[in-house]
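Student: Okay, here's the structure, questions in a sec.
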Amino acid sequence: MRDRPRLPVSPEFWRSPLRGPWFTSVLGLVLLVGVTVLFVTGLLSYAAYNPDLSPVNDTTPGKGILGFYLFPWPTGPVWLYRFTQGLHVTLGITLVPVLLAKLWSVVPRLFALPPARSLAHALERISLLLLVGGGLFEFTTGVLNVQLDYVFPGSFYPLHFYGAWVFFAAFVAHAVLKAPAAVRTVRRRRGVPEAGVREEDDLVATRPDAPTVSRRGALALVGGGSLLLFLTTVGQSLGGPFRRTALLAPHGGPDPAGGPNGFQINKTAAYAGIDPAETGRDAWRLVVTGRTGTVRLDRAQLLRMPLHSSSLPIACVEGWSTADQWWRGVRLRDLAALVGYDGDPPDLFVESLQRHGAFRHAALRANQVADGRSLLALYVNGEELSPDHGHPARIIVPAAPGVLNTKWVARLTFGDL
Ligand SMILES: Nc1nc2c(c(=O)[nH]1)N[C@H]1C(S)=C(S)[C@@H](COP(=O)(O)O)O[C@H]1N2
Ligand SMILES: [Mo]
């Protein structure tokens, strides 16, 4: 047995024969594509919240110029947010083994001495700290939010949002520096020879141990881990029978119950503190305010308005979503017309009976109100809404994140926000 140097700053401390430019490059190129998709879908998710419409929607109030790209989220196709956010969460979870393997493959560099050979080298190492720290931070906060649900009370969004910008800035710098060499490395090993390429051989162990697995084998192991995570996660975004396969997702597994209201529930009425006495036929009133004043409607009056149907999914920021449900209720634009907006309806501020919690109110944009599929729903799949799905009335808007589909609605205020 060879004696092992005790300190990781010594190159001889690192013995794995797997480390080397090829292994690192393959993983790096996978992350180059994957992290870019995560960044874009993450920014889209933020835009989908309508953060520039009202402070109640803005989960990152100090965003400043980082909100430069915001745009009115469209209302179609109806599965838009289901797709972008399902992709974001599923891909993020799938890439965890790739990220860990990539970090493992370059870990000797973390300990390399001297700490800096030059100013440029010092800057590069600082940017690597931001890259590694930012990457671990983004993956950790994302997974924790999906798995533990609100483990960061009210603060997940700013953490994940600002973290994303720091991480992605360092990521772009890193990619510009390293991607060309990574592409050359991978090409060369495939048998396309190229002259004059400097290998990044500092990753190769100076005194390697005997291999127990080939580099390809190790890569297959990482890919297998990713595939396993993918297969046990993706079902929560596909919904229907596939939900059963989402063993790792808290909102996966079979639907919580059978029957028309048997689809996934985020927060129950009990959790939200909804008092059944407030939702009964005698007590509940819908208060609608607009240009011409305030109208109060009881359930019977609401039911005398024209009822419309839309088939729309619920799609949560946590990545889970449902197949289309068949909602029936009053069009938001018809309710706007009741209070003086006949032609183009304005924005809408929705408040629920719920007294506490960030999602008790939400702002919808005029384009969402105008869409004929946007409802104040009273029925789902042919039955009255269950208490947990928002009885007596809830908002349902096409293509929007679940958070905008306020349950237990009490008050609608139309007007430009
Ligand atoms: N009043 C209220 N409405 C709410 C919420 C809430 O916490 N309170 N959660 C929202 C979120 S985050 C989602 S994903 C959907 C979930 O709807 P469901 O429980 O009917 O599936 O409801 C939305 N409406
Ligand atoms: Mo949600």
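Student: Setting aside same-chain residues fewer than 8 positions from LYS63, which aspartates and glutamates have a Cα under 16 Å from its Cα?
Tutor: Straight-line reach from LYS63, under 16 Å: ASP52.
Student: If I require 30 Å or longer along the helix axis, counting alpha carbons, and a Kyte-Doolittle average no lower than -1.0, what helices from the chain are left? Use full DSSP H segments.
Tutor: 21-48, 119-148, 156-189
Student: If you stretched the chain out fully between LEU307 and ARG216, how much longer would it get, using 0.36 nm times the residue separation minus the C-alpha to C-alpha distance?
Tutor: So the extension gain works out to 26.8 nm.
Student: With each pseudo-label sitting 7 Å past Cα toward Cβ, what's the THR140-ALA181 distance in nm, one decimal?
Tutor: Spacing of the two 7 Å Cα→Cβ label points: 2.8 nm.
Student: With the crude spin-label approximation of a point 7 Å out along Cα→Cβ, what separation in nm comes out for VAL37 versus ALA337?
Tutor: Output for this residue pair reads 4.3 nm.
Student: Per residue of segment 255-261, in order, report the coupling 6.51 cos²θ - 1.76 cosθ + 1.60 (Karplus, θ = phi - 60°) as ³J(HN,Hα) in whole Hz, putting x for Gly and Pro.
Tutor: Each residue of segment 255-261 in turn: 4, x, 7, x, x, x, 9 Hz.
Student: With a 1.4 Å probe and every protein chain left in place, work out the accessible area per residue of the chain in Å², rounded to a whole number.
Tutor: Heavy-atom SASA per residue in the chain reads 47 Å².
Student: What is the spread of the Cα atoms of the chain along each of their three principal axes, largest first, in whole Å?
Tutor: Dimensions of the chain along the principal axes of its Cα atoms: 84, 44, 39 Å.
Student: Related question: Starting from the Cα gyration tensor of segment 242-348, take the square roots of the eigenvalues, sort them a ≥ b ≥ c, and report rounded, prolate or oblate (rounded when a/c is under 1.5, otherwise prolate if a/b is larger than b/c, else oblate).
Tutor: Since a/c reaches 1.5 and a/b is larger than b/c, the shape of segment 242-348 is classed as prolate.
Student: Moving on. Can you give the relative contact order of segment 11-241 as a percent, counting alpha carbon pairs under 8 Å and 6+ residues apart?
Tutor: In percent, rounded to a whole number, it is 42.
Student: So how far apart, in nm, are the two label points at LEU100 and GLU383 if each is 7 Å from Cα heading toward Cβ?
Tutor: Taking the two extended label points, one gets 4.1 nm.
Student: Give, in nm to one decimal, the length gained when the segment between LEU227 and TRP165 is fully stretched (0.36 nm per residue of separation minus the Cα-Cα distance).
Tutor: The LEU227-TRP165 span can extend by a further 19.6 nm.
Student: Next question. Per-residue accessible area for TYR69 at 1.4 Å probe radius, Å² rounded to 10?
Tutor: My reading of the accessible area for TYR69 is about 40 Å².
The values are calculated or read from the model by the stated rules, or taken from the named source; none is laboratory data. Computed from a predicted model, the values in this text were never measured in an experiment. Note that each Cβ is placed from the backbone with ideal geometry, even for glycine, and that neighbours are counted across all protein chains shown. Just the protein is used for accessible areas: all its heavy atoms, side chains included, with ligands, DNA and RNA removed. Shrake-Rupley method; radii C 1.70, N 1.55, O 1.52, S 1.80 Å.
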